[in-house]
Amino acid sequence: MATVLKIRDLAVTYPDGTQALRGVDLDLAEGECLALAGESGSGKSTLLRVLLSLLPKGSRVTGSAVVDDDGTSLEAVGADRATLRRLRGGLLGYVGQDPHAAADPLWSVGRHLREAWRARRMRPAKGAAEERAEAVGITQARARLRQYPHQWSGGMLQRAHIAGAGVHGPLVTLADEPTSALDAGLAATTLAVLRADARALLLVCHDLRHVAAVADRVAVLYAGRVVETGVDVPARPRHPYTKALVAAAPRPGHGLPEELPGTSPDLRRELTGCAFAPRCGLALESCHREDPVLDDGVACPVVPR
Amino acid sequence: MPAPLRRLASALAVLATAGALVWGLMLLSPVDPARQILLAQGDPAPAPAEVDATRHELGLDRSYPEQYARWLTAAVRGDFGTSWRTGDPVAAELAGRLPATIRLTLVALLFATAVALALALPGLERPGGPADVFARGLVFGGSALPVFAVGVVLLEFVVVGAGIGRVVADGTWSGALLPALPLALGIGAEWARVLRGGLRDALGAPHSETARARGAGRLRILALHGLPHAAAPFLTVAAMSAGGLLAGAAVVETLFTWPGIGRLLITSIDAGDLPVVQAIVLLGVVAFLAANLLAETLTAAIDPRRREKR
């Protein structure tokens, strides 16, 4: 399968000096679902925002993120207006976190959906919005689209956002914790709808269990770096951080989950060595000096290959 | 009761209360209205029989509740009695002055809106940036300046000094430009503060981010998401300042000798012309209530969540 998104050595520093991403390499293939996991502050959302150029003014971005559409390569880092117009809502679809917050409360859901065309200076064909809504499982679309967001449930409204994100058949759909505001049962079906509607999906998700069902591959971020990537990460974590992350998830009948010791590093300071070393029970002396590189899917010298 | 009816009912209740208070002024006045009217109509020394006849004609020999009921029904029809100063019907005096004040007010509102937009918009692109800090400084200065001070400075330097405009204003549209300025500055600065806050909230909200991610341009997001969201708090504050506008008009109209209601109010207070004062105060209350009613109705029309709740 062709690679549609190629991220190389991507680094982001926010205006306050926080290094949200520190040299990230990632590939996304057509038809694939890649999940980005990690705690809040690990840089997951930053990665999506770089692609859409939604970072706050004054942020510094280096490296490259190329969207490859059938031979035409578009560089998202430092994109000019013309490129941005092709990326936002065109080649890149976006689904946000909280469906109610992401919908303008003054607009009907239908107007919101049709805005996906109008924002790109197009006019939706008659019935096109209803058709999109039905495609993501919204029944009686004609009547329901006339209602306002506060009259909709979170799960259904998130489907409307998925419909809006997919209007122009984006090459890559970016979803930023799309189920964190929904209850568990809805989360699974909403993710399934999202998965089915997207051509390639970059899914930010803090809950590794949800990820397992839909993702083809998982990349775990810690302090702005990919520490582990692989097909079977949620079931068989290898990196000490991922192991701790999996152990920190509550499981019924297993007592209280083990909490991660220590706190996340201060990303406004220059880090030396592995960012996880201070919290890691297996850390070697060298871990505090040398930053491990991704080797065989894990960035850790301790893990046996 | 549906919301619009409830709003109307509460406005009428406020109006009735204000009406009772305004009528009560008459009871506190040491002046005998009947004698006062005869004096105003050119009788230098009214005979006691004449005064009694007029008192009966005016219904002043009836009980207070009866007097109030008569006054109220007349007021509802627009009849506020006779001016003690000129002997003319109060309604006619007001009607002659009203157009000039409406002109002044409309021009001031237009200016204030322009000031609010001019001070609120430039800082949005980069909150805390130079444009934002500068605009906020102007907002602070603008809301701190008293109307009369701006008015005096304008008169002294622009009208007298530079010879622009007229010292004695005539109440026409073009004459309204200068007097409207001091009225508009303070209000516009106040509005700018509210507008800026509303716009910043709306443009920083996740739904604006969604719009950006979908490729909507800045202007589109500002016009379709930002302004409608900022409109509700803006309209509320704008309606509240309608009261202040009337008070400011009294100052500005006196300063610029503008032939409007505000100057009539000052003249009438000076002359102890109670019926005219009563009519103007009630007119102010009506204007204030109408502005608030309009603001609430518009807010409800903009926000679907307000339409059905209760």
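Every number in this text was worked out from the coordinates using simple rules, so none of it is lab data. These figures come from a predicted structure and were not determined experimentally. All Cβ positions, glycine included, derive from the backbone under ideal geometry; neighbour counts span all protein chains shown.
Projecting the Cα atoms of B:Leu39, B:Leu21, B:Val51 onto the charge dipole of region B:20-76 (Cβ charges, centred on the Cα centre) puts B:Leu21 farthest toward the positive pole. Comparing B:Val107, A:Leu87, B:Ile302 along the charge dipole axis of the protein assembly as shown, the residue lying farthest to the positive side is A:Leu87, per the Cβ-charge model.
Remark on A:Thr173: its backbone amide H falls under 5 Å from those of A:Gly93, A:Arg199, A:Ala200, A:Leu201, A:Leu202, a criterion applied only to residues 5 or more positions apart or on other chains, H modelled at 1.01 Å from N. Distance from the C-alpha centroid of region B:1-31 to that of region A:9-31: 65 Å, rounded to the whole angstrom. Taking other C-beta atoms within 10 Å as the exposure proxy, A:Cys280, A:Cys274 rank A:Cys280, A:Cys274 from fewest upward. Charge dipole of chain B (Cα centre as origin; +1 on each Lys and Arg Cβ, -1 on each Asp and Glu Cβ, all else neutral): 1760 debye, rounded to the nearest 20. Ranking of A:Arg60, A:Arg88 by neighbouring Cβ atoms within 10 Å, starting from the fewest: A:Arg60, A:Arg88.
The sum of -39500 (n - 2.57) across all DSSP H runs of n ≥ 4, divided by the residue count of the protein assembly as shown, sets its helix-only mean residue ellipticity at 222 nm to -16000 deg cm²/dmol.
Only Lys, Arg, Asp and Glu carry charge here, each on its Cβ (+1 for the first two, -1 for the last two); on that basis the protein assembly as shown has a dipole of about 1180 debye about its Cα centre.
Dipole magnitude for region B:169-239: about 420 debye, using +1 per Lys or Arg Cβ and -1 per Asp or Glu Cβ, origin at the Cα centre.
Taking Cα atoms only, the orientation of helix B:274-302 departs from the longest principal axis of chain B by about 30 degrees.
Ordering B:Phe134, B:Phe111, B:Phe256 from the fewest to the most neighbouring beta carbons within 10 Å gives B:Phe134, B:Phe111, B:Phe256.
Using only Cα atoms, find the angle between the long axis of helix B:130-144 and the longest principal axis of chain B, and express it within 0 to 90 degrees, rounded to the nearest 10. Between the helix axis and the principal axis of chain B, the angle is about 10 degrees.
Label sites at B:Ala49 and A:Asp291, each approximated as a point 7 angstrom past Cα along Cα to Cβ, lie 11.2 nm apart. Taking every Cα-Cα distance in region A:1-146 and sorting them into 5 Å bins starting at zero, the pair-distance distribution P(r) comes out as 2, 8, 15, 18, 17, 16, 13, 8, 3, 1 percent. What is the sum of charges, Lys and Arg at +1 and Asp and Glu at -1, for the other residues whose Cβ falls under 11 Å from the Cβ of A:Glu32? That sum, taken over residues with Cβ under 11 Å, equals 0. I want to check a number: in region A:3-253, how many lysine pairs have alpha carbons closer than 25 Å, given a sequence separation of 8 or more or different chains? Pairs that pass both the separation and distance tests number 4. Of the residues B:Gly81, B:Leu185, B:Phe256, the one whose Cα sits farthest toward the positive end of the charge dipole of chain B, with +1 on the Cβ of Lys and Arg and -1 on the Cβ of Asp and Glu, is B:Leu185. Between 0 and 90 degrees, the angle of helix B:90-120 with respect to the longest Cα principal axis of chain B falls at about 20 degrees.
When each full DSSP H helix of chain A is screened for a Cα extent of at least 15 Å along its own axis and an average Kyte-Doolittle hydropathy of at least -0.5, the helices passing are A:154-165, A:184-197.
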